[in-house]
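So the structure is just underneath, and the comments pick up after that.
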Amino acid sequence: MAAMKPAAFDYHAPATLAGALDLLRGEEARVLAGGQSLVPTMAFRMARPGILVDINRIPALAYAEKRDGALAIGALARHAWFETPRAGGPLGRLLAAVVRHVAHAPIRTRGTFCGSLAHADAASEWCATVLALGGRMRCASATGTREVAAEEWFQGVFTTALQPGEMLTEVRLPLLGPDWRYGFAEFSRRAGDFALAMAVAVLRVEGGVVRQARIALGGIGGTPVLAKEAALALIGAAPTDAVIATAAETAAACCDPQEDIHAPAEYRRDLVRAMTRRALRQALAA
Amino acid sequence: MSRHVVSFTVNGVPKRVELEARRTLADMLREDCGLTGTHLGCEHGVCGACTVLVDGEPVRSCLMFGVQAEGCAIRTIEGLAAPDGTLNVLQRAFRTHHGLQCGFCTPGFLMLATWLLERDERLDEAALRHAVSSNLCRCTGYQTILDAIRAAAQELDRWEDSAAGEARR
(Lines give C-alpha, C1' and ligand atoms only; values in the text may rest on other atoms or scores of the structure.)
Protein backbone atom coordinates (compact mmCIF):
# COMPACT_ATOMS: atom_id res chain seq x y z
CA MET A 1 0.00 0.00 0.00
CA ALA A 2 1.24 3.46 -0.79
CA ALA A 3 2.34 5.62 2.13
CA MET A 4 -0.69 7.07 3.83
CA LYS A 5 -0.27 10.56 5.17
CA PRO A 6 -3.03 12.95 6.24
CA ALA A 7 -3.63 16.07 4.16
CA ALA A 8 -2.38 19.33 5.67
CA PHE A 9 -4.50 21.07 8.31
CA ASP A 10 -4.32 23.88 10.85
CA TYR A 11 -3.90 22.65 14.38
CA HIS A 12 -5.20 24.25 17.55
CA ALA A 13 -5.03 22.97 21.12
CA PRO A 14 -7.22 25.30 23.19
CA ALA A 15 -7.03 25.16 27.01
CA THR A 16 -10.73 25.73 27.60
CA LEU A 17 -14.03 24.36 26.29
CA ALA A 18 -15.10 27.91 25.34
CA GLY A 19 -11.95 28.23 23.26
CA ALA A 20 -12.68 24.92 21.51
CA LEU A 21 -16.29 25.85 20.78
CA ASP A 22 -15.18 29.17 19.33
CA LEU A 23 -12.80 27.36 16.95
CA LEU A 24 -15.57 24.92 15.97
CA ARG A 25 -17.53 27.79 14.42
CA GLY A 26 -15.26 27.26 11.40
CA GLU A 27 -16.97 25.01 8.88
CA GLU A 28 -13.91 22.89 8.21
CA ALA A 29 -13.13 22.27 11.89
CA ARG A 30 -13.20 18.81 13.48
CA VAL A 31 -12.66 17.79 17.09
CA LEU A 32 -9.57 15.65 17.77
CA ALA A 33 -10.00 13.65 20.99
CA GLY A 34 -8.38 10.20 21.06
CA GLY A 35 -7.96 10.21 17.30
CA GLN A 36 -8.22 6.43 17.04
CA SER A 37 -10.93 6.62 14.37
CA LEU A 38 -10.39 10.13 12.97
CA VAL A 39 -6.67 9.78 12.28
CA PRO A 40 -7.02 6.55 10.24
CA THR A 41 -9.75 8.16 8.12
CA MET A 42 -7.41 11.13 7.64
CA ALA A 43 -4.58 8.77 6.67
CA PHE A 44 -6.86 7.27 4.01
CA ARG A 45 -7.86 10.87 3.13
CA MET A 46 -11.50 9.95 3.53
CA ALA A 47 -11.51 12.87 5.98
CA ARG A 48 -9.65 16.08 5.14
CA PRO A 49 -10.54 18.57 7.87
CA GLY A 50 -8.99 21.99 7.31
CA ILE A 51 -8.81 22.65 11.06
CA LEU A 52 -8.26 20.21 13.91
CA VAL A 53 -9.34 21.30 17.37
CA ASP A 54 -7.34 19.11 19.76
CA ILE A 55 -9.27 18.93 23.06
CA ASN A 56 -6.58 16.91 24.88
CA ARG A 57 -5.32 20.05 26.64
CA ILE A 58 -8.70 20.77 28.28
CA PRO A 59 -8.46 19.02 31.68
CA ALA A 60 -12.05 20.04 32.58
CA LEU A 61 -13.29 17.44 30.06
CA ALA A 62 -11.43 14.52 31.68
CA TYR A 63 -13.93 12.94 34.07
CA ALA A 64 -16.25 9.98 34.48
CA GLU A 65 -18.08 10.22 37.77
CA LYS A 66 -21.48 10.25 39.45
CA ARG A 67 -23.32 13.54 38.96
CA ASP A 68 -27.00 14.18 39.66
CA GLY A 69 -27.88 10.49 39.93
CA ALA A 70 -26.18 9.53 36.65
CA LEU A 71 -22.75 8.52 35.45
CA ALA A 72 -21.44 11.61 33.67
CA ILE A 73 -18.75 10.82 31.11
CA GLY A 74 -16.72 13.77 29.85
CA ALA A 75 -15.31 14.13 26.34
CA LEU A 76 -11.80 13.11 27.46
CA ALA A 77 -12.72 9.93 29.37
CA ARG A 78 -10.55 7.23 27.75
CA HIS A 79 -11.84 3.73 27.03
CA ALA A 80 -9.24 2.24 29.39
CA TRP A 81 -10.72 4.11 32.36
CA PHE A 82 -13.73 1.81 32.31
CA GLU A 83 -11.62 -1.31 32.84
CA THR A 84 -11.98 -0.37 36.51
CA PRO A 85 -15.66 0.24 37.35
CA ARG A 86 -16.38 3.99 37.27
CA ALA A 87 -19.79 3.61 38.92
CA GLY A 88 -21.05 1.38 41.70
CA GLY A 89 -23.44 -1.49 41.06
CA PRO A 90 -24.27 -3.19 37.77
CA LEU A 91 -23.50 -0.15 35.56
CA GLY A 92 -19.81 -0.06 36.44
CA ARG A 93 -19.55 -3.82 35.98
CA LEU A 94 -21.36 -3.70 32.63
CA LEU A 95 -19.01 -1.03 31.27
CA ALA A 96 -16.00 -2.99 32.56
CA ALA A 97 -17.27 -6.12 30.77
CA VAL A 98 -17.92 -4.26 27.51
CA VAL A 99 -14.63 -2.32 27.38
CA ARG A 100 -12.64 -5.54 26.99
CA HIS A 101 -14.20 -5.80 23.52
CA VAL A 102 -13.38 -2.21 22.50
CA ALA A 103 -10.39 -2.55 20.14
CA HIS A 104 -7.05 -3.25 21.89
CA ALA A 105 -5.16 -1.96 24.91
CA PRO A 106 -3.01 0.59 22.99
CA ILE A 107 -6.18 1.96 21.35
CA ARG A 108 -8.03 2.07 24.67
CA THR A 109 -5.33 4.23 26.27
CA ARG A 110 -6.14 7.11 23.90
CA GLY A 111 -9.56 6.52 22.36
CA THR A 112 -12.46 8.16 24.18
CA PHE A 113 -15.97 7.06 25.10
CA CYS A 114 -17.56 10.24 23.73
CA GLY A 115 -15.42 9.98 20.60
CA SER A 116 -16.97 6.58 19.87
CA LEU A 117 -20.45 8.08 20.27
CA ALA A 118 -19.60 11.01 17.97
CA HIS A 119 -17.99 8.76 15.35
CA ALA A 120 -20.97 6.38 15.58
CA ASP A 121 -19.53 3.33 13.90
CA ALA A 122 -22.30 0.75 13.54
CA ALA A 123 -20.05 -1.85 15.19
CA SER A 124 -19.13 0.34 18.18
CA GLU A 125 -19.68 -1.46 21.48
CA TRP A 126 -20.20 1.85 23.30
CA CYS A 127 -22.88 2.98 20.86
CA ALA A 128 -24.95 -0.18 21.36
CA THR A 129 -24.40 0.04 25.12
CA VAL A 130 -25.52 3.67 25.35
CA LEU A 131 -28.63 2.82 23.32
CA ALA A 132 -29.43 -0.15 25.57
CA LEU A 133 -29.03 2.05 28.64
CA GLY A 134 -30.99 4.98 27.24
CA GLY A 135 -28.11 7.42 27.72
CA ARG A 136 -28.26 11.13 26.96
CA MET A 137 -25.80 13.11 24.86
CA ARG A 138 -24.88 16.68 25.85
CA CYS A 139 -23.94 18.85 22.89
CA ALA A 140 -22.40 22.29 23.23
CA SER A 141 -21.76 25.00 20.68
CA ALA A 142 -20.65 28.61 20.89
CA THR A 143 -24.34 29.55 21.11
CA GLY A 144 -25.63 27.09 23.73
CA THR A 145 -26.08 23.52 24.89
CA ARG A 146 -28.74 20.86 24.38
CA GLU A 147 -29.35 17.21 25.20
CA VAL A 148 -30.19 14.42 22.79
CA ALA A 149 -31.61 11.03 23.83
CA ALA A 150 -29.88 7.90 22.55
CA GLU A 151 -32.96 6.96 20.51
CA GLU A 152 -32.59 10.18 18.49
CA TRP A 153 -28.80 10.24 18.38
CA PHE A 154 -28.02 7.60 15.74
CA GLN A 155 -29.30 8.81 12.39
CA GLY A 156 -27.42 6.77 9.82
CA VAL A 157 -24.03 5.39 8.83
CA PHE A 158 -21.47 7.46 10.79
CA THR A 159 -24.19 10.09 11.18
CA THR A 160 -25.54 11.47 14.46
CA ALA A 161 -27.78 14.28 15.61
CA LEU A 162 -24.69 16.44 16.23
CA GLN A 163 -24.95 19.69 14.27
CA PRO A 164 -22.12 21.65 12.59
CA GLY A 165 -20.35 23.77 15.22
CA GLU A 166 -21.43 21.45 18.04
CA MET A 167 -19.27 19.20 20.16
CA LEU A 168 -20.37 16.17 22.17
CA THR A 169 -19.12 17.24 25.61
CA GLU A 170 -20.67 14.60 27.85
CA VAL A 171 -22.66 11.36 27.85
CA ARG A 172 -24.92 10.64 30.81
CA LEU A 173 -25.84 7.08 31.68
CA PRO A 174 -28.56 6.24 34.21
CA LEU A 175 -27.22 4.37 37.26
CA LEU A 176 -28.55 0.85 37.61
CA GLY A 177 -29.90 -0.29 40.97
CA PRO A 178 -28.90 -3.63 42.50
CA ASP A 179 -31.87 -5.47 40.97
CA TRP A 180 -30.63 -4.75 37.43
CA ARG A 181 -28.82 -7.45 35.45
CA TYR A 182 -26.76 -7.11 32.29
CA GLY A 183 -25.24 -9.19 29.54
CA PHE A 184 -23.01 -8.47 26.55
CA ALA A 185 -22.01 -10.75 23.69
CA GLU A 186 -20.41 -10.11 20.33
CA PHE A 187 -18.93 -12.12 17.49
CA SER A 188 -15.89 -10.93 15.58
CA ARG A 189 -13.54 -12.92 13.41
CA ARG A 190 -10.40 -11.59 15.08
CA ALA A 191 -9.87 -10.48 18.67
CA GLY A 192 -10.50 -6.75 18.97
CA ASP A 193 -11.77 -6.40 15.40
CA PHE A 194 -15.15 -4.98 14.37
CA ALA A 195 -17.98 -7.29 15.41
CA LEU A 196 -20.30 -8.85 12.85
CA ALA A 197 -23.07 -8.73 15.45
CA MET A 198 -23.42 -7.85 19.12
CA ALA A 199 -26.15 -7.72 21.73
CA VAL A 200 -26.34 -5.71 24.95
CA ALA A 201 -29.11 -6.59 27.40
CA VAL A 202 -30.08 -4.79 30.60
CA LEU A 203 -33.01 -6.00 32.65
CA ARG A 204 -34.59 -5.55 36.03
CA VAL A 205 -35.76 -8.72 37.74
CA GLU A 206 -38.06 -8.54 40.74
CA GLY A 207 -39.67 -11.50 42.48
CA GLY A 208 -38.32 -13.87 39.85
CA VAL A 209 -40.04 -11.96 37.03
CA VAL A 210 -38.52 -9.59 34.44
CA ARG A 211 -40.04 -6.14 35.05
CA GLN A 212 -38.02 -4.00 32.64
CA ALA A 213 -35.81 -4.95 29.72
CA ARG A 214 -33.85 -3.22 26.97
CA ILE A 215 -31.82 -5.00 24.33
CA ALA A 216 -29.64 -3.21 21.78
CA LEU A 217 -28.06 -4.81 18.72
CA GLY A 218 -24.94 -3.52 16.97
CA GLY A 219 -22.79 -4.34 13.96
CA ILE A 220 -25.66 -5.47 11.76
CA GLY A 221 -26.68 -2.28 9.90
CA GLY A 222 -25.97 1.43 9.65
CA THR A 223 -26.77 2.18 13.29
CA PRO A 224 -27.28 0.27 16.51
CA VAL A 225 -30.94 -0.64 17.02
CA LEU A 226 -33.19 -1.49 19.93
CA ALA A 227 -34.74 -4.95 19.80
CA LYS A 228 -38.03 -3.75 21.25
CA GLU A 229 -40.09 -6.83 20.38
CA ALA A 230 -37.48 -9.11 21.95
CA ALA A 231 -37.49 -7.04 25.15
CA LEU A 232 -41.29 -7.19 25.25
CA ALA A 233 -41.16 -10.99 25.03
CA LEU A 234 -39.31 -10.99 28.37
CA ILE A 235 -41.41 -8.58 30.39
CA GLY A 236 -43.71 -10.19 32.92
CA ALA A 237 -42.11 -13.59 32.37
CA ALA A 238 -39.97 -15.73 34.61
CA PRO A 239 -36.66 -15.93 32.75
CA THR A 240 -36.57 -19.60 31.75
CA ASP A 241 -34.47 -21.04 28.92
CA ALA A 242 -37.61 -21.19 26.78
CA VAL A 243 -38.38 -17.50 27.34
CA ILE A 244 -34.79 -16.57 26.53
CA ALA A 245 -34.93 -18.66 23.35
CA THR A 246 -38.16 -16.95 22.29
CA ALA A 247 -36.69 -13.49 22.91
CA ALA A 248 -33.56 -14.36 20.91
CA GLU A 249 -35.72 -15.73 18.10
CA THR A 250 -37.77 -12.53 18.13
CA ALA A 251 -34.64 -10.35 18.01
CA ALA A 252 -33.42 -12.28 14.96
CA ALA A 253 -36.82 -12.18 13.22
CA CYS A 254 -37.40 -8.45 13.78
CA CYS A 255 -33.95 -7.08 12.90
CA ASP A 256 -32.87 -6.04 9.43
CA PRO A 257 -29.23 -7.09 9.03
CA GLN A 258 -27.21 -5.81 6.07
CA GLU A 259 -25.09 -7.89 3.76
CA ASP A 260 -21.53 -6.75 3.18
CA ILE A 261 -18.12 -8.12 2.25
CA HIS A 262 -17.78 -9.67 5.74
CA ALA A 263 -21.02 -11.63 5.99
CA PRO A 264 -24.36 -12.24 4.29
CA ALA A 265 -27.50 -10.89 5.93
CA GLU A 266 -28.80 -14.31 6.94
CA TYR A 267 -25.53 -15.17 8.67
CA ARG A 268 -25.80 -11.95 10.67
CA ARG A 269 -29.40 -12.78 11.54
CA ASP A 270 -28.20 -16.09 12.90
CA LEU A 271 -25.52 -14.28 14.91
CA VAL A 272 -28.13 -11.90 16.33
CA ARG A 273 -30.08 -14.91 17.60
CA ALA A 274 -26.96 -16.42 19.19
CA MET A 275 -25.61 -13.15 20.64
CA THR A 276 -28.98 -12.16 22.11
CA ARG A 277 -29.32 -15.59 23.69
CA ARG A 278 -25.80 -15.37 25.15
CA ALA A 279 -26.32 -11.85 26.47
CA LEU A 280 -29.62 -12.83 28.12
CA ARG A 281 -28.18 -16.01 29.60
CA GLN A 282 -25.33 -13.97 31.07
CA ALA A 283 -27.79 -11.44 32.47
CA LEU A 284 -30.03 -14.05 33.99
CA ALA A 285 -27.40 -16.50 35.25
CA ALA A 286 -27.76 -16.95 39.02
CA MET B 1 -0.54 24.95 6.84
CA SER B 2 0.43 25.23 10.42
CA ARG B 3 3.96 24.52 11.63
CA HIS B 4 4.74 24.02 15.28
CA VAL B 5 7.69 23.68 17.63
CA VAL B 6 7.34 20.70 19.95
CA SER B 7 9.42 19.87 23.04
CA PHE B 8 9.42 16.39 24.57
CA THR B 9 11.82 13.68 25.70
CA VAL B 10 12.64 10.42 23.93
CA ASN B 11 14.19 7.75 26.13
CA GLY B 12 15.04 10.51 28.60
CA VAL B 13 16.77 12.78 26.08
CA PRO B 14 15.17 16.24 25.61
CA LYS B 15 14.20 17.04 22.01
CA ARG B 16 12.90 20.10 20.25
CA VAL B 17 11.50 19.69 16.78
CA GLU B 18 9.81 21.96 14.29
CA LEU B 19 7.19 20.16 12.23
CA GLU B 20 3.97 20.32 10.29
CA ALA B 21 0.83 19.52 12.26
CA ARG B 22 0.06 16.56 10.02
CA ARG B 23 3.35 14.80 10.88
CA THR B 24 2.47 11.68 12.89
CA LEU B 25 4.36 10.80 16.06
CA ALA B 26 5.82 7.80 14.21
CA ASP B 27 7.14 9.97 11.39
CA MET B 28 8.42 12.53 13.87
CA LEU B 29 10.43 9.83 15.65
CA ARG B 30 11.76 8.35 12.43
CA GLU B 31 12.30 11.45 10.30
CA ASP B 32 12.95 14.26 12.76
CA CYS B 33 14.63 12.33 15.58
CA GLY B 34 16.39 9.73 13.41
CA LEU B 35 15.01 6.92 15.55
CA THR B 36 14.12 4.37 12.87
CA GLY B 37 13.62 1.50 15.30
CA THR B 38 9.92 2.34 15.42
CA HIS B 39 8.45 0.60 12.38
CA LEU B 40 5.42 1.62 10.35
CA GLY B 41 3.34 -1.27 9.08
CA CYS B 42 -0.22 -0.33 8.20
CA GLU B 43 -0.27 3.37 9.16
CA HIS B 44 -3.90 3.13 10.23
CA GLY B 45 -3.76 1.61 13.68
CA VAL B 46 -4.34 -2.05 12.89
CA CYS B 47 -0.95 -3.77 13.06
CA GLY B 48 0.69 -2.35 16.19
CA ALA B 49 4.23 -2.34 14.72
CA CYS B 50 4.62 1.37 15.61
CA THR B 51 3.64 0.97 19.30
CA VAL B 52 5.66 3.25 21.61
CA LEU B 53 5.12 4.33 25.20
CA VAL B 54 3.83 7.86 25.80
CA ASP B 55 3.92 8.87 29.46
CA GLY B 56 4.12 5.17 30.33
CA GLU B 57 1.18 3.97 28.23
CA PRO B 58 1.25 2.07 24.95
CA VAL B 59 0.16 4.17 21.98
CA ARG B 60 -0.05 3.56 18.24
CA SER B 61 2.40 6.24 17.10
CA CYS B 62 0.74 6.34 13.65
CA LEU B 63 -2.51 7.52 15.30
CA MET B 64 -1.06 10.44 17.26
CA PHE B 65 0.31 13.61 15.77
CA GLY B 66 3.83 14.69 16.70
CA VAL B 67 2.55 18.10 17.73
CA GLN B 68 0.46 16.36 20.41
CA ALA B 69 3.64 15.09 22.10
CA GLU B 70 4.35 18.51 23.63
CA GLY B 71 5.66 17.90 27.17
CA CYS B 72 5.40 14.09 26.86
CA ALA B 73 7.96 11.44 27.84
CA ILE B 74 8.25 9.00 24.95
CA ARG B 75 9.98 5.65 25.07
CA THR B 76 10.99 3.68 21.99
CA ILE B 77 12.79 0.44 21.19
CA GLU B 78 16.10 2.35 21.16
CA GLY B 79 15.77 2.86 24.91
CA LEU B 80 15.57 -0.80 25.91
CA ALA B 81 19.15 -2.04 25.66
CA ALA B 82 21.90 -0.63 27.89
CA PRO B 83 24.06 2.13 26.36
CA ASP B 84 26.78 -0.44 25.63
CA GLY B 85 24.30 -2.53 23.64
CA THR B 86 23.63 -5.20 26.30
CA LEU B 87 20.11 -6.48 25.73
CA ASN B 88 17.62 -6.27 28.56
CA VAL B 89 15.75 -9.23 30.04
CA LEU B 90 12.84 -8.94 27.60
CA GLN B 91 15.04 -8.61 24.52
CA ARG B 92 17.12 -11.61 25.61
CA ALA B 93 13.95 -13.63 26.13
CA PHE B 94 12.79 -12.81 22.57
CA ARG B 95 16.14 -14.07 21.27
CA THR B 96 16.18 -17.20 23.43
CA HIS B 97 12.60 -18.16 22.57
CA HIS B 98 12.76 -17.20 18.88
CA GLY B 99 10.15 -14.49 19.44
CA LEU B 100 11.08 -12.95 16.10
CA GLN B 101 11.88 -14.05 12.59
CA CYS B 102 11.92 -11.16 10.12
CA GLY B 103 11.83 -8.69 13.00
CA PHE B 104 9.59 -6.07 11.42
CA CYS B 105 6.86 -6.25 14.07
CA THR B 106 9.29 -6.79 16.94
CA PRO B 107 9.70 -3.17 18.14
CA GLY B 108 5.93 -2.94 18.62
CA PHE B 109 5.75 -6.23 20.51
CA LEU B 110 8.72 -5.25 22.71
CA MET B 111 7.19 -1.90 23.67
CA LEU B 112 3.80 -3.49 24.32
CA ALA B 113 5.48 -6.15 26.48
CA THR B 114 7.57 -3.51 28.27
CA TRP B 115 4.31 -1.90 29.37
CA LEU B 116 2.84 -5.26 30.40
CA LEU B 117 5.86 -5.99 32.60
CA GLU B 118 5.85 -2.55 34.23
CA ARG B 119 2.18 -2.46 35.25
CA ASP B 120 1.15 -2.79 38.88
CA GLU B 121 -0.75 -6.02 38.25
CA ARG B 122 1.23 -9.20 37.78
CA LEU B 123 0.86 -10.76 34.35
CA ASP B 124 -1.01 -14.03 33.84
CA GLU B 125 -1.75 -16.13 30.77
CA ALA B 126 -5.19 -14.64 30.09
CA ALA B 127 -3.98 -11.03 30.39
CA LEU B 128 -0.94 -11.82 28.25
CA ARG B 129 -3.00 -13.31 25.40
CA HIS B 130 -5.60 -10.55 25.60
CA ALA B 131 -2.93 -7.83 25.39
CA VAL B 132 -0.79 -9.44 22.69
CA SER B 133 -3.85 -9.79 20.42
CA SER B 134 -3.37 -6.08 19.64
CA ASN B 135 -0.28 -6.62 17.49
CA LEU B 136 0.19 -8.53 14.24
CA CYS B 137 3.09 -10.82 13.36
CA ARG B 138 3.12 -12.62 10.01
CA CYS B 139 6.09 -14.91 10.80
CA THR B 140 6.07 -16.54 14.20
CA GLY B 141 2.52 -17.74 14.78
CA TYR B 142 2.69 -15.86 18.10
CA GLN B 143 3.46 -18.86 20.34
CA THR B 144 7.14 -17.97 20.57
CA ILE B 145 6.28 -14.34 21.31
CA LEU B 146 4.05 -15.49 24.18
CA ASP B 147 6.84 -17.83 25.35
CA ALA B 148 9.33 -14.94 25.35
CA ILE B 149 7.14 -12.51 27.28
CA ARG B 150 6.13 -15.22 29.76
CA ALA B 151 9.78 -16.12 30.34
CA ALA B 152 10.75 -12.48 30.84
CA ALA B 153 7.88 -12.02 33.29
CA GLN B 154 9.01 -15.08 35.22
CA GLU B 155 12.62 -13.89 35.33
CA LEU B 156 11.49 -10.46 36.57
CA ASP B 157 9.10 -12.06 39.11
CA ARG B 158 6.09 -10.45 37.43
CA TRP B 159 4.35 -13.72 36.45
CA GLU B 160 1.25 -15.18 38.05
CA ASP B 161 0.42 -18.82 37.33
CA SER B 162 -3.25 -19.42 36.62
CA ALA B 163 -5.35 -22.51 36.03
CA ALA B 164 -6.55 -21.11 32.70
CA GLY B 165 -2.98 -20.61 31.62
CA GLU B 166 -1.96 -24.17 32.44
CA ALA B 167 -4.89 -25.56 30.44
CA ARG B 168 -4.00 -23.49 27.39
CA ARG B 169 -0.32 -24.28 27.21
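The values are calculated or read from the model by the stated rules, or taken from the named source; none is laboratory data. Since we're looking at a predicted model, the values are computed, not measured. FYI the Cβ positions are ideal-geometry reconstructions off the backbone, even for glycines, and counts take in every protein chain you see.
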- Message: Taking the conditions exactly as written (closer than 26 Å to A:Phe158 by Cα and in contact with a Leu (Cβ under 6 Å, 6 or more places away or on another chain)), does A:Ala227 satisfy them or not?
- Response: yes
- Scan the stretch A:64-77 and report the pairs whose first residue is farther than 12 Å from A:Met137 by Cβ and whose second residue is among the aromatic types (Phe, Trp, Tyr), with Cβ atoms within less than 6 Å and a gap of 6+ or a chain change. A:Ala64/A:Trp81; A:Gly74/A:Tyr63; A:Ala77/A:Phe113
- Restricting attention to the stretch B:38-57, the residues that are facing chain A (nearest Cβ under 7 Å) and in contact (Cβ under 8 Å) with a residue 60 or more places away in the chain number exactly 2
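Residue-by-condition table, conditions (1) touching a Pro at 6+ places or on another chain (Cβ under 9 Å); (2) basic (Lys, Arg); (3) more than 13 Å from chain A (Cβ to nearest Cβ):
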position: B:Leu116; (1), (2), (3): yes, no, no
position: B:Asp120; (1), (2), (3): no, no, no
position: B:Ile145; (1), (2), (3): no, no, yes
position: B:Ala148; (1), (2), (3): no, no, yes
position: B:Gln154; (1), (2), (3): no, no, yes
- Task: Could you look through the stretch B:24-37, keep only residues that are part of a loop (DSSP other than H, G, I, E, B) and out of contact with any Pro (no Cβ under 9 Å at 6 or more places or on another chain), and pick out the one that is nearest to the other protein chains (Cβ to nearest Cβ)?
- Result: B:Thr36
- What number of residues within the stretch B:20-37 satisfy the criterion of being touching a residue at least 24 places away in the same chain (Cβ under 8 Å) and more than 25 Å from B:Phe104 (Cβ to Cβ)? 1
- Counted residues, the stretch B:58-102 - those being touching a residue at least 24 places away in the same chain (Cβ under 8 Å), among the hydroxyl-bearing types (Ser, Thr, Tyr) and loosely packed, with under 15 Cβ neighbours inside 10 Å: 1
- In the stretch A:1-89, which strands (runs of 3 or more DSSP E) lie fully inside it and hold 1 or more residues that are more than 9 Å from every other protein chain (Cβ to nearest Cβ)? A:29-32, A:51-54, A:64-67, A:70-74
- Query: If you check A:Met42 against the conditions, is it of a type in the set (A, V, I, L, M), over 26 Å from the mean Cα position of the chain (by Cα) and crowded, with 16+ Cβ neighbours inside 10 Å?
  - Reply: no
- Any idea which of A:Val210, A:Val205 is surrounded by 23 or more Cβ atoms within 10 Å (Cβ to Cβ), more than 27 Å from A:Gly156 (Cβ to Cβ), outside the structural domain of A:Ser116 (by TED's automatic domain parsing) and touching a residue at least 12 places away in the same chain (Cβ under 8 Å)? A:Val210
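Residues checked against (1) in the same structural domain as B:Leu136 (by TED's automatic domain parsing); (2) of a type outside the set (Lys, Arg); (3) under 21 Å from A:Ile107 (Cα atoms):
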| position | (1), (2), (3) |
| --- | --- |
| B:Arg16 | no, no, no |
| B:Ala26 | no, yes, yes |
| B:Leu29 | no, yes, yes |
| B:Gly34 | no, yes, no |
| B:Ala49 | no, yes, yes |
| B:Ile74 | no, yes, yes |
| B:Ala93 | yes, yes, no |
| B:Thr96 | yes, yes, no |
- With the checklist (1) in contact with a Cys (Cβ under 8 Å, 6 or more places away or on another chain); (2) assigned to a helix (DSSP H, G or I) in hand, flag the one item A:Trp126 doesn't pass. (1)
- Given the conditions (1) over 26 Å from A:Glu229 (Cβ atoms); (2) not in a strand (DSSP E or B), and given that A:Glu170 satisfies all but one, which numbered condition is not satisfied? (2)
- Query: Of the residues B:Leu146, B:Leu100, B:Leu136, which is under 18 Å from the mean Cα position of the chain (by Cα), over 25 Å from B:Glu43 (Cβ atoms) and not small (Gly, Ala, Ser)?
  - Reply: B:Leu146
